[in-house]
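The values are calculated or read from the model by the stated rules, or taken from the named source; none is laboratory data. Small disclaimer: the values here were computed from a predicted structure and weren't measured. Cβ atoms come from the backbone with ideal geometry, glycine included; neighbour counts cover every protein chain shown. Note: areas computed on protein heavy atoms with side chains; ligands, DNA, RNA excluded. Shrake-Rupley method; radii C 1.70, N 1.55, O 1.52, S 1.80 Å.
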Amino acid sequence: MHYSREQQLVAFSRLLDIMDDLREKCPWDKKQTLESLRHLTIEETYELGDAILDQDLNEIKNELGDLLLHIVFYSKIGSEIGAFDIAQVANGICDKLIERHPHIYGDVVINNEEEVKQNWEKLKLKEGKKSVLEGVPKSLPALVKASRIQEKVKGVGFDWEKPEQVWEKVLEELNEFQTEVQLNNYDQIEAEFGDVLFSMINYARFLKINPENALERTNKKFIKRFQYLESKATEIGKPLSEMTLAEMDVFWEEAKKM
């Protein structure tokens, strides 16, 4: 079902009205602050990420609604303390999008997606940012943060030219890591392992692979197979802790074939 622009605006206005009611009448909603909502917003974002990886379109719709509620909620609180409201939030992002898309709203000529990204980073520096890395949130999970760091520096031309060069770097980092393992130097082992992960994330980028999605797919696959193993152990009435690895491997291989 597709709604007209007018119907979409009516639906959004309805959400604003409901938010007003909740903030005025609901004890829980009245109590919330910008800080108290923060961890809930992070949780909702991860739930949306799960729905996307599961390709569950109905759940994606539901989770987007939860996130939209949070945006409206923050804006309502902002209006109450005289800082900002939903109109300023919407106009702010509209202004930013227009300013950062001069190839659409101006006379700049862009030939491909890569030039769009590079121009985007240059415009952000012109806005007063001292570093292209200022836009990478400090609280991002390390894997995601590494991807964003690499994308950011790529936008200003700091990047490898070919995937083969990145793979050579991966092999170099693996050798350095193995050397430290042999020397049993824990601090350096950890440092070199970090370098291996960073270089692998870089290689994934060159292969057009999202490392976060790839790892989560593996997590889901492992969980599914291990739960199959658990169910089979229950069927034969033998706890996993009492099974040999060889016995468990039989069911593991069955799970892989499934």
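Each residue, L245 and F12, gets one label point 7 Å from its Cα in the Cβ direction; the gap between the two is 5.8 nm. Based on the alpha-carbon gyration tensor of segment 185-258 and its eigenvalue square roots a ≥ b ≥ c, which shape applies: rounded if a/c is under 1.5, prolate if not and a/b is larger than b/c, or oblate? Because a/c hits 1.5 or more and a/b fails to exceed b/c, segment 185-258 counts as oblate. Taking a point 7 Å out from the Cα of Q227 in the direction of its Cβ, the residues of segment 39-71 whose backbone N falls within less than 19 Å of it are 46-60.
Across segment 82-87, rounded Karplus estimates of 3J(HN,Hα) from the backbone phi angles (6.51 cos²θ - 1.76 cosθ + 1.60, θ = phi - 60°) give x, 9, 6, 10, 5, 5 Hz, Gly and Pro being marked x.
Label zone of R38 (point 7 Å out along Cα→Cβ, amide N under 11 Å): in segment 111-155 this covers 139. Here the spin labels are modelled as points 7 Å beyond Cα on the Cα-Cβ line, and at E47 and R217 they lie 2.6 nm apart. In order along segment 136-145, the Karplus-derived 3J(HN,Hα) couplings, from 6.51 cos²θ - 1.76 cosθ + 1.60 at θ = phi - 60°, round to 8, x, 5, 8, 4, x, 4, 5, 5, 4 Hz, and Gly and Pro are given as x. Accessible area per residue (1.4 Å probe, heavy atoms of protein chains only) ranks K169, K96 as K96, K169, with the largest value leading.
Where does the Debye-calculated log10 I(q)/I(0) of segment 61-109 sit at q = 0.26, 0.28 Å⁻¹, using only Cα point scatterers of equal weight, no solvent? Debye intensities relative to I(0), on a log10 scale: -0.88, -0.93.
Debye sum, Cα scatterers, the chain, no solvent: what log₁₀ I/I(0) at q = 0.17 1/Å? Log10 I(q)/I(0), no solvent term: -1.41. Rolling a 1.4 Å probe over the heavy atoms of the protein chains gives the chain an accessible area of 71 Å² per residue. Projecting the Cα atoms of Q8, L64, F198 onto the charge dipole of the chain, computed from C-beta unit charges around the Cα centre, puts Q8 farthest toward the positive end.
Helix content alone sets the calculated 222 nm mean residue ellipticity of the chain: runs of n ≥ 4 DSSP H residues at -39500 (n - 2.57) each, divided across all residues, give -25000 deg cm²/dmol. Express in whole angstrom the spacing between the alpha-carbon centres of segment 1-51 and segment 232-258. That distance is 45 Å. In the chain, once you exclude exposed GluC sites (Glu not before Pro) (DSSP loop, at most 11 other Cβ within 10 angstrom), what's the longest stretch remaining? So the longest stretch without any such site is 1-126. The charge dipole of the chain, taken about the Cα centre with unit charges on the Cβ atoms of Lys, Arg (+1) and Asp, Glu (-1), comes to about 600 debye, rounded to the nearest 20.
Pop out the carbon and sulfur fraction of the accessible area of the chain as a percent, whole number, probe 1.4 Å.
Result for the chain: 57 percent of the exposed heavy-atom area is carbon or sulfur.
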